[in-house]
Amino acid sequence: MLKVFQSSSTLLGQQLKALVSVRHYGKPNKKFLYKDGILKDQIYYYPRDNNRELPALDGEPSKLFSVRRMKPIKGLPYWEKRILRGLGLYEKNAVAVVKNIPENNARLWKVKHLVEILPITYRYGEPTEADIERTFLKEDGECVVIRKLEAAEVTNTKLSAAEQLRHAKDRINGETLRKDSRLKWLNAW
């Protein structure tokens, strides 16, 4: 009977150990916490949805990012404010163009919940130094370069056509337009 009691007490002790959880107050081991990551090109990806397929990268990554601040700065810790000020995003609705380098990517990772990051794409090719005056950035991250300028003859013909129209006798002037609008108002049907 003594052996039966000892075996049941060890069984009870094991069950009690299983019920008692011990909390560790150390730095968490990331490899233990994040087991479901997907390794691709020496980078672990942690997708949010159930679709575990990674999007295919088309060609080279973008050289520049368009970064826009989306959340207010009020109530943020000083280190996030410092990063936003360093990126030039401290003012409201500020947009900054940032190089795609590891230092900037580390900064953007720390404030990713405050900003919107878009890769800058070039539909008509990258601008040169001569194209800087005719380059603009759209809100969706597309950099447009207007390369063709109209020839001088085409510009002169358009200007001469506009002058002819301005000085034409059968052109509707303000007085004729007012009379016509008044008649249409009075006789709507």
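The residue list P55, P47 contains one member that is surrounded by 10 or more Cβ atoms within 10 Å (Cβ to Cβ), out of contact with any Cys (no Cβ under 6 Å at 6 or more places or on another chain), modelled with pLDDT under 70 and outside any helix (DSSP H, G or I), which is P47.
Do the conditions hold for A168, that is, is it open to solvent by less than 50 Å² (accessible area, probe 1.4 Å), among the small types (G, A, S) and touching a strand residue (DSSP E or B) at 6+ places or on another chain (Cβ under 7 Å)? No, not satisfied.
Where strands (runs of 3 or more DSSP E) sit wholly within region 65-165, those with at least 2 residues that are open to solvent by 80 Å² or more (accessible area, probe 1.4 Å) occupy 95-99.
The values are calculated or read from the model by the stated rules, or taken from the named source; none is laboratory data. In this text the structure is predicted, and so the values were computed from the model without any measurement. Using ideal geometry, Cβ is built from the backbone for each residue, glycine included, and neighbour counts are taken over all protein chains shown. The area values use the complete protein model at the heavy-atom level, side chains included, leaving out ligands, DNA and RNA. Shrake-Rupley method; radii C 1.70, N 1.55, O 1.52, S 1.80 Å.
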